[in-house]
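Engineer: Got a structure for you, written out below as structure tokens; questions coming shortly.
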Amino acid sequence: MFSVGDKVAHPMHGAGVIDEIVRETVAGSTQDYYVFHMPVGGLVLKIPTASSEMVGLRGIWEAAQSLQLLRELPLLKAESFHGSWNQRNRDTMEKLKSGDLYQVAQVIKNLMQRDNDKGLSTGERKMLRTAKQILITEMVLSIGEDYRQIEERVNLSISGGT
């Protein structure tokens with residue numbers, strides 16, 4: 001269970017800080033919710049505490065883990081895209097939903113490579129933005145640097161490793 005002030009990561013929205021834990025009644029059912037805000041974009045999420053593990057809510061990485069991933073980004077190899085757009089989309093979404101920042105970084109690498117090679121569809125461009133937000137917001141809270149600084153480091157590391 002998390003507490004107010006804990007830094008947490010949601011697999012599809014990125015990282016934020018728990019502002020409060022509230023009890024609300026929705027459709028006749030009363031339950032507790034984590035209320036947390038995302039430092040970028042101002043998104044506020046409410047996640048039922050009872051299903052937070054199922055949703056994939058977890059504590060953020062330690063700074064050392066995030067810095068290690070930044071060092072390893074140039075070593076990631078872009079994966080070849082096979083199959084239809086639907087299959088690529090499913091594979092990409094599966095990686096994003098995993099909550100594993102290495103998988104998220106792989107999505108970014110793959111999509112940036114595809115953008116360089118063939119360009120991205122509107123849906124793929126949105127996925128790239130989402131993947132970057134997931135990775136960067138967690139690193140911002142983990143490392144303590146500004147969003148733009150982390151974004152620049154990620155972009156440089158990923159494009160430098162292609």
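The values are calculated or read from the model by the stated rules, or taken from the named source; none is laboratory data. This structure is a prediction, so every number in the text was calculated from the model and none was measured. Each accessible area value is taken on the protein alone, full model and side chains, heavy atoms only, with ligands, DNA and RNA left out. Shrake-Rupley method; radii C 1.70, N 1.55, O 1.52, S 1.80 Å.
Engineer: Could you pull out every residue, at least 5 positions away or on a different chain, whose amide H is within less than 5 Å of the one on Ala15? Hs are placed 1.01 Å off N in the peptide plane, and Pro or chain starts have none.
Structural biologist: Long-range HN contacts for Ala15: His10, Thr137, Glu138.
Engineer: Then there's this: With all protein chains present, calculate the accessible area of Ile21 using a 1.4 Å probe and round the result to the nearest 10 Å².
Structural biologist: 60
Engineer: Pop out the carbon and sulfur fraction of the accessible area of the chain as a percent, whole number, probe 1.4 Å.
Structural biologist: On the way: 4280 of 8690 Å².
With neighbouring chains kept in place, the figure for the chain is 49 percent.
Engineer: When only the heavy atoms of the protein chains count and the probe is 1.4 Å, how do Trp61, Trp85 rank by accessible area, highest first?
Structural biologist: Ranked list, largest accessible area first: Trp85, Trp61.
Engineer: Could you work out the Kirkwood radius for the chain, taking every pair of different alpha carbons, averaging 1/r and inverting it, reported in Å?
Structural biologist: 16.6
Engineer: Also, quick follow-up: Taking a threshold of 20 Å on the Cα-Cα distance, which of the pairs Lys7/Lys97; Lys7/Lys109; Lys97/Lys126; Lys77/Lys132; Lys46/Lys126 fall above it?
Structural biologist: Lys7/Lys109; Lys46/Lys126
Engineer: Please pull out the direction-averaged projected area of the stretch 84-162, using the convex hull of its alpha-carbon atoms, in nm² to one decimal place.
Structural biologist: Details: hull surface 20.2 nm².
Its Cα hull, projected and averaged over all orientations, spans 5.1 nm².
Engineer: Given H placed 1.01 Å from N in the peptide plane, which residues other than close sequence neighbours of Asp6 have an amide H under 5 Å from its amide H?
Structural biologist: Sorted by chain and number, the residues that satisfy this are Ile18.
Engineer: Assuming 0.36 nm per residue, please report the length gained on full extension of the stretch Arg148 to Ser80 beyond their Cα-Cα distance. All intermediate terms of the calculation are to be shown ahead of the outcome.
Structural biologist: Numbers: separation 68, 0.36 × 68 = 24.48 nm, distance 2.90 nm.
Gain on stretching Arg148 to Ser80: 21.6 nm.
Engineer: A further question follows. Solvent-accessible area per residue for the chain at a 1.4 Å probe radius, Å²?
Structural biologist: 54
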